[in-house]
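Enquirer: Below you will find the structure I want to go over with you.
Laboratory data are not the source of any read-out in this text; all were calculated from the coordinates shown. Everything numeric here is computed off the predicted structure, so don't read it as measured data. Methodologically, a virtual Cβ is constructed for each residue, glycine included, from the backbone with ideal geometry; neighbour enumeration extends over all protein chains shown.
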């Protein structure tokens, strides 16, 4: 258990870590996970998901599930991101994740939860919440949420890779890599691209004859 978790555990019996993934992508949803752990819990090998290999993250998921009292996932689609903005969509994903985790707790336990969120305090929560800068590197419970969110979103982007071949979604997970940008220039935007985001907005010209941005029902993978 990391020092931050140990210090904060003095104030609450249960700690809920929250983290997001996909905020900086140019395709796909933004996803958040919330993981509730009992005071004093440690999970060997848990770290900021960005520092772990895909295989390490996948192996950690069952370990986190085994020790967590509750896990919740919130996903906000690319359509909703376009209708609002990425900041609002991110906080909405975080609130959804917390709400779904709380539903898995006994009612008498829900008011004992302290929420630790990576980066920012989450607006609109009815629970005490602390925003922790670099939280996924400083808190084991936030790092656990980081792993869950990353594995969930990666699995979704791999499904999109099959549905929309040529873009390399399984490779870059919707982030703006040189390979991804080259695919956009060649193919135009897929239905899951965030059309208002650069460089999608500049690269895809509606009058160029390239494939247009289409609406798609948002689907989430089983997890």
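Enquirer: On C-alpha positions alone, give me the angle between the axis of helix 140-163 and the longest principal axis of the chain, in degrees, nearest 10.
Expert: Roughly 30 degrees, rounded to the nearest 10.
Enquirer: By how many degrees, 0 to 90 and rounded to 10, does the Cα axis of helix 178-187 deviate from the longest principal axis of the chain?
Expert: Around 40 degrees separate the two axes.
Enquirer: Separation of the stretch 86-150 and the stretch 16-30 by C-alpha centroid, Å?
Expert: 13
Enquirer: Based on the alpha-carbon gyration tensor of the chain and its eigenvalue square roots a ≥ b ≥ c, which shape applies: rounded if a/c is under 1.5, prolate if not and a/b is larger than b/c, or oblate?
Expert: Judged from the Cα gyration tensor, the chain comes out prolate (a/c at least 1.5, a/b above b/c).
Enquirer: Under 10 Å, Cα contacts only: if you run a Gaussian network model on the chain, which one of 101, 183, 143 comes out with the highest mean-square fluctuation?
Expert: Residue with maximal mean-square fluctuation among 101, 183, 143: 183.
Enquirer: Using the number of other C-beta atoms within 10 angstrom as an exposure proxy, rank 167, 152, 175 with the fewest first.
Expert: Ordered by Cβ neighbours within 10 Å, fewest first: 175, 152, 167.
Enquirer: Helix-derived [θ] at 222 nm for the chain: sum -39500 (n - 2.57) over DSSP H runs of at least 4, divide by residue count, nearest 500?
Expert: -12000 deg cm²/dmol
Enquirer: Same structure, new question: Given a 10 angstrom Cα cut-off, can you work out which residue in 39, 171, 163 is the most mobile in a GNM of the chain?
Expert: In the Gaussian network model the winner is 163.
Enquirer: Pick out which of 94, 80, 157 has the largest mean-square fluctuation in a Gaussian network model of the chain, springs linking Cα atoms closer than 10 Å.
Expert: Result: 80 has the largest fluctuation of those listed.
Enquirer: With labels modelled as points extended 7 Å from the Cα through the Cβ direction, what inter-label distance (nm, one decimal) is found for residue 80 paired with residue 59?
Expert: Computed distance between label sites residue 80 and residue 59 equals 3.4 nm.
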